[in-house]
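Below: the structure, in structure tokens.
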Amino acid sequence: MSERIMRVWGGSCRGGIARARGSICADERLGLKRTAAFTLLEIVIAVFIVLLLLALAVPSLNGVLADKRLHRSLDRFNDLVRQAHERSLAERRAYLIVFSDGGVALQPASFSKTEEHKPLDGIKLSRGEKWHLDLPAALTKKVAPEWIFWESGVCEPARVSFAGPDGKWTAEYSPLNGLAELTAYAAR
């Protein structure tokens, strides 16, 4: 077999058949040594597979981050409820959680003469967020968006809903201890 035929047919230069017949490989003639390496095509395919996996992982990562942000809003509101409950018990004073267009605020039900008329704590509304308070035990249909915690720590039963760009949740709060029970939770 000639060198040309061996190159076309892909014959082996290291094999015994080519050596036995006395043919010389082009690599041996030029003094080149073959080393194991990746071809450009193999590298391009590997990079494409990695990019494909990243493209599939990004949407699920966005969902995880949205869930985290949504859960943060629930935790922040539950912290406000806990503060209202603890303050009403410790100070023997009624506290309100007031829902307004600007957000949700914790304040005393009545301010003393020496007290500054501003909320003690609150949550500001971000763009696209909406809070809704429903008081199922209210005597009238249209009530002010205020949730009261009495001096004994007891509160009015309430259903609070939140909707934002990261998802929505609804929680029902117990009148005795103000603890939440999630009735709906959906992250985007």
Residues ILE45, ILE148, ILE123, ILE97 in order from fewest to most other beta-carbon atoms within 10 Å are ILE45, ILE148, ILE123, ILE97
Sorted by Cβ neighbour density within 10 Å, fewest at the top, the residues TYR95, TYR185, TYR173: TYR185, TYR173, TYR95
Full-extension gain in nm, ALA55 to LYS141, via 0.36 nm per residue minus C-alpha separation: 25.9 nm
For region 116-128, take each phi angle, set θ = phi - 60°, evaluate the Karplus expression 6.51 cos²θ - 1.76 cosθ + 1.60, and give the result in whole Hz per residue in order, putting x for glycine and proline. 6, 8, 9, x, 7, 7, x, 10, 7, 6, 9, 4, x
What is the distance in Å between the Cα centroid of region 107-177 and that of region 39-58? 51
Between GLY122 and residues 5 or more places away or on another chain, the pairs with built amide H atoms under 5 Å apart involve LEU106
If the chain between ALA90 and LYS68 were fully extended at 0.36 nm per residue, the gain over the current Cα-Cα distance would be 4.7 nm
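The numbers here are math on the coordinates, done by the rules we state, and not lab data. Here the structure is a predicted model, which means the values were calculated and not measured. Every residue, glycine among them, receives a Cβ derived from its backbone with ideal geometry; neighbour counts consider all protein chains shown.
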